[in-house]
Structure formats: C-alpha cells, structure tokens
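The structure under discussion appears below in the form of structure tokens.
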Amino acid sequence: MIKGKDFIITALQPWDINIGSNVKDIAAEIAKNNRVLYINTPRKLKEGTPMLQQISENLWTLNFPFSVFPVNFLPDGCLFDFVNKMNQKKMYSYVLKQIHKLGFKDYILFMDNDIYRSFYAKELLQPKVSVYYRRDNLSTPYWAKHAPRLEPLLCSKSDCVVANSSQLAEAVRPYNKNAFDVGQGVDLTAYSEALNYAIPADIQPIKKPIVGYIGWITTRRLDADLIYSIAKKRPDVSYVLVGSEDDDFKNHPLHQLENVHFLGNKDPEDVPSYINAFDICINPQIINKITIGNYPRKIDEYLAFGKPTIATHTNMMNYFKDYVWLCKTDEDYLQAIDSAIEDTDATIKEKRIAFANEHTWENSVNKIYSHIKL
C-alpha cells in the first residue's frame, strides 16, 4: 500500500458525471490514504462552479476557467500535435499553479485512458512517476483518427501501464514491458438479495422466468439479432432489457415480440432492485474491438446476487468461466437458459457471490500500487 503521497489524476470523465466510472472509484480509493487532485476535462461550466473544489478530506477536483481549441477534426500528424500541445501547455500551466497552492510535491501522475489531453502531461507536469490506465479499446470514430498512433507512444513514455483486463495489458506490452493487469474493482455494497429489494412495479406483471439485462442498450456492445433469435425460439421465457436504447435497438424487430420488454433507463440507485427481480441475467455482447478485451462490471453485479448468468464467450470472459455459462451461438444461449432455469444449487450460488465480492477497489488499487516504483 502507498500512503501519504500526492496523486494527480487526469480524467476522461468529469467528476460530476452521473454514471459509473472506474477512475472516480480509483480516485476515491487512493484518497483514503493519499492526497488526490482530480483534473476534469476543459468544458463549459455552470455559472458559479468553483474551479477548485474539495470533495473529501484528501480529494479535490479541478476545473479550467477557459476552453481549449478543438483538435480532433484536424488531420493526424504535425498540425494535430502542434495544436494539441499548445492546448496542454495552457492546461497544465494552470494545473501547476493549483498544485502549488495545495502544496503537492513529488506527485504521482495517473492518466485515465485520456490519450489526447494527457499526451504531454508527463513532460509538462514532471511527476515523480507516471502511470497510464488502460480500461478500454478506444475504437469509436472519435478515437480512431489519432489514438492508433498516439496510444502506443503514450504507453512507451509512461513509467508503467496498468489495465483492467489481461487482454488490454497484453495488447500494449510491445510498447512498454511494464504493462500489467490490475483487475477490476466494483462497489457491490448495494448488490445483495439480503437487502430485501422490493420488486419494481413495471416488472411485476411480466411472466416468469425472466431473463434480464441492464445497462446501455446499444449495438456497439450488444448483439440485437442474437437476442431476437433466442426470444423468438423460446416464447415461454420473458426477456427484459433495462436501460436507454440507441436508434438501432429502437428500430429493431425485437420491439414486435410479445415476450421482450424494454423498461427504459433507471436511476443508478434502482439498478439493484431490477437485477434482484431477474431469474437469469445475460450479457449478450457482440464481439468487436470495443468488447473483446472489455471487463463487464455488470457480471460482478449479477453474480453478487448469486444469479445464474449467461454471457457471450470472449477471451476476457474466460476469467468468469467457473461461474458463468459462456456461449458462442444462439443455440448455446438456449441450452444455457434451460440449464439456468433448472439451477437451484445453493452452494454454487454462494460461490458466485463470494467470487464477485473478491473484486473490490481496494484490491485493484493495491495491485496498481504494487507496480508504482517510487
């Protein structure tokens, strides 16, 4: 464990964003024993928003009182690099002033997958140690233009790279031999059937057994055709999807099936009650560059309730193979659903719960600490 040190975190997600965020959880865990300055991305702020805000005894967030030039539209290469570096000189000059006010010294720089805005952070902030945190394959159109060139360079100049899956770490090890899998942390304090969650009103009328998914319902990550196939072949089973849909899902024939129910987006505090109401949980991912190495936190949330869980087989999902049915085809899914319906083994249920609860932020952050050489 590292104690009594100062950490600077450059974050891809602002602190006040209302979604689950690995880097926010990591920052909160580090701040239990160290001082942390969490740097938000430059953005338009509400009037009266403080630039430097203390969140807890050891944790501050920093906003910028200015904007920076947009750069992603620029062609990849020298012009992009010039404007991006100019932006960051302005950003980190301001950060250095705030660091001085807080009295931070010999700080550790932790860069959260923010390839563009963190690219020159090491040179401009001169930390004692720099750590790049890789938690996703950034392959959306926004990242596809510059990240394939910049991320290997950022990995190579960082003192170490840590990732939340073995696949994400292995992919960049050719650029930095000090690339390590530090696992995933999940806050599961609200995920337990012992908390006696009431069954939500909109799921009560739905016929059992219920096979459920909760999360962003997008064709970037989910196989809509697979869900349609298994739902049509097993009309005696109800399929419940909870979350906001992208346009592809909104227009998919899934909405024409009587045994498929879209319940819409829910507040984060209501998520556990829906998982608790499912008989079986699924994560029918489509396999692509985004999902192939992705650690799905929802699997731990499902298992924390002891739920029979079915998921698409990826290399990353092999990690869960002793606790989850892994499937490659719709027929695999149908067979797994039949097996899960018959699953009443209390011992296996307790093993699922125990396994999920091994994945704490304390354990993950301690692994990060183990790779920081001061």
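Key figures
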| quantity | calculated |
| --- | --- |
| Residue list for the range 226-249, restricted to those being touching a residue at least 24 places away in the same chain (Cβ under 8 Å) and of a type in the set (Asp, Glu) | GLU245, ASP246, ASP248 |
| Test: residue in the range 312-319 that is at pLDDT below 95, among the β-branched types (Val, Ile, Thr), in the same structural domain as VAL237 (by TED's automatic domain parsing) and out of contact with any strand residue (DSSP E or B) (no Cβ under 8 Å at 6 or more places or on another chain) | no |
| Out of PRO268, PRO272, PRO253, PRO296, sole residue that is of a type outside the set (Asp, Glu) and farther than 27 Å from ASP25 by Cα | PRO253 |
| Residue in the range 277-286 that is out of contact with any helix residue (DSSP H, G or I) (no Cβ under 6 Å at 6 or more places or on another chain), aromatic (Phe, Trp, Tyr) and at pLDDT below 95 present | no |
| Enumeration of residues in the range 292-330 that are assigned to a strand (DSSP E or B) and of a type outside the set (Val, Ile, Thr) | ALA311, TRP325, LEU326, CYS327 |
| Selection from the range 54-64 of residues that are of a type in the set (S, T, N, Q) and surrounded by 12 or more Cβ atoms within 10 Å (Cβ to Cβ) | ASN58, THR61, ASN63 |
| Test: residue in the range 65-80 that is exposed (fewer than 13 other Cβ atoms within 10 Å of the Cβ) and assigned to a helix (DSSP H, G or I) | yes |
| Exclusive hit being crowded, with 17+ Cβ neighbours inside 10 Å and over 20 Å from ASP343 (Cα atoms), set ILE292, ILE275 | ILE292 |
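One line per residue, one yes/no per condition, for (1) among the basic types (Lys, Arg); (2) more than 23 Å from ILE8 (Cβ to Cβ); (3) crowded, with 19+ Cβ neighbours inside 10 Å; (4) in contact (Cβ under 8 Å) with a residue 24 or more places away in the chain:
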| residue | (1), (2), (3), (4) |
| --- | --- |
| LYS101 | yes, no, no, yes |
| VAL161 | no, no, yes, yes |
| SER165 | no, yes, yes, yes |
| ARG173 | yes, yes, no, no |
| VAL182 | no, no, yes, yes |
| PRO200 | no, yes, no, yes |
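Condition check ((1) assigned by TED's automatic domain parsing to the domain that holds GLY20; (2) under 15 Å from ILE282 (Cβ atoms); (3) more than 26 Å from the chain's Cα centre (by Cα); (4) assigned to a strand (DSSP E or B)) across all residues:
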position: VAL211; (1), (2), (3), (4): no, yes, no, yes
position: THR219; (1), (2), (3), (4): no, no, no, no
position: ILE227; (1), (2), (3), (4): no, yes, no, no
position: HIS261; (1), (2), (3), (4): no, yes, no, yes
position: LYS266; (1), (2), (3), (4): no, no, no, no
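Per-residue answers, yes or no, for (1) acidic (Asp, Glu); (2) surrounded by fewer than 16 Cβ atoms within 10 Å (Cβ to Cβ); (3) touching a residue at least 40 places away in the same chain (Cβ under 8 Å):
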{"site": "GLY20", "(1), (2), (3)": "no, no, yes"}
{"site": "VAL23", "(1), (2), (3)": "no, no, yes"}
{"site": "ILE26", "(1), (2), (3)": "no, no, yes"}
{"site": "ALA31", "(1), (2), (3)": "no, no, no"}
{"site": "ASN34", "(1), (2), (3)": "no, no, no"}
{"site": "TYR38", "(1), (2), (3)": "no, no, no"}
{"site": "THR41", "(1), (2), (3)": "no, no, yes"}
{"site": "LEU52", "(1), (2), (3)": "no, yes, yes"}
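The values are calculated or read from the model by the stated rules, or taken from the named source; none is laboratory data. Computed from a prediction, not measured in an experiment: that's the story for all the values here. So basically every Cβ, Gly included, is an ideal-geometry build from the backbone, and we count neighbours across all protein chains shown.
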